[in-house]
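The values are calculated or read from the model by the stated rules, or taken from the named source; none is laboratory data. None of the values given here were measured: they were computed from a predicted structure. Using ideal geometry, Cβ is built from the backbone for each residue, glycine included, and neighbour counts are taken over all protein chains shown.
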Amino acid sequence: MKIKFRKHLPWKQIARWSKHGKSEEDNQALILQAATDQLKPWIPSYKELHNRKDTDLYCWNRKETYTNMRGVCTTYRCCMAYTCNCPCMLRVIRSEHEIIVEIKHEHHANSHREDHSKYMKHMHKQAVVTALQKDPTTSASSIRRASKIDAPIPLEYKRSVEYLVRNARREVVTHELSGVQLDGTTASFQQLKEHTWLRTALER
């Protein structure tokens, strides 16, 4: 689906700093912070649970990378672009001496009001994640029944609710295991064993 822009706006600078005295990790952390600040207040929390590509920046989806007189430019689309036709974009410009972060079509209260999702709407997904945050042991059927009060979830979305519940629970378990994700393989259990041993040794 092609993103429809209501009107073309110029890029607006939101961050700029010199690369002098900073490592690549420092610069990447600053870029990530600027990107997060511009998007996190405007998206539902379940979006942070999605498996993101290595090319994504927080929940921004990379669009393209090109080079011009200003440096190497990478543009990103809002993760709600195809769901809500959101035109907001982020651009990171890396030159020899500095890094600039710009934004176009800034978010506002109605940026994600219209939901064109084919299946579960983002209000339904947010209701599921909110319920799991309160009680991770809640079953998918219980969540769907409880949703009839605030944001009714149709019966045909039953499988979608179950899928979202599994993903959200996996995130909770991974958090409780200090970032180690158990996937049933011997390697993942070995990683958990080594991590637990190291943490115990450091606490002694």
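Can you confirm whether the stretch 162-182 contains a residue that is more than 19 Å from the chain's Cα centre (by Cα) and either in the same structural domain as residue 80 (by TED's automatic domain parsing) or modelled with pLDDT of 65 or more (or both)?
Taking every residue of the stretch 162-182 in turn, at least one turns out to be more than 19 Å from the chain's Cα centre (by Cα) and either in the same structural domain as residue 80 (by TED's automatic domain parsing) or modelled with pLDDT of 65 or more (or both).
List the strands (runs of 3 or more DSSP E) that sit entirely inside the stretch 59-119 and contain at least 2 residues that are surrounded by fewer than 20 Cβ atoms within 10 Å (Cβ to Cβ) and without any contact (Cβ under 8 Å) to a residue 12 or more places away in the chain.
Result: 61-68.
Which residue is farthest from residue 165 (Cα to Cα), if the candidates are limited to the stretch 7-58 and must be surrounded by 15 or more Cβ atoms within 10 Å (Cβ to Cβ) and without any contact (Cβ under 8 Å) to a residue 12 or more places away in the chain?
Ranking the qualifying residues of the stretch 7-58, first place goes to 52.
In the stretch 26-81, how many are aromatic (Phe, Trp, Tyr) and closer than 17 Å to residue 100 by Cβ?
The total comes to 3.
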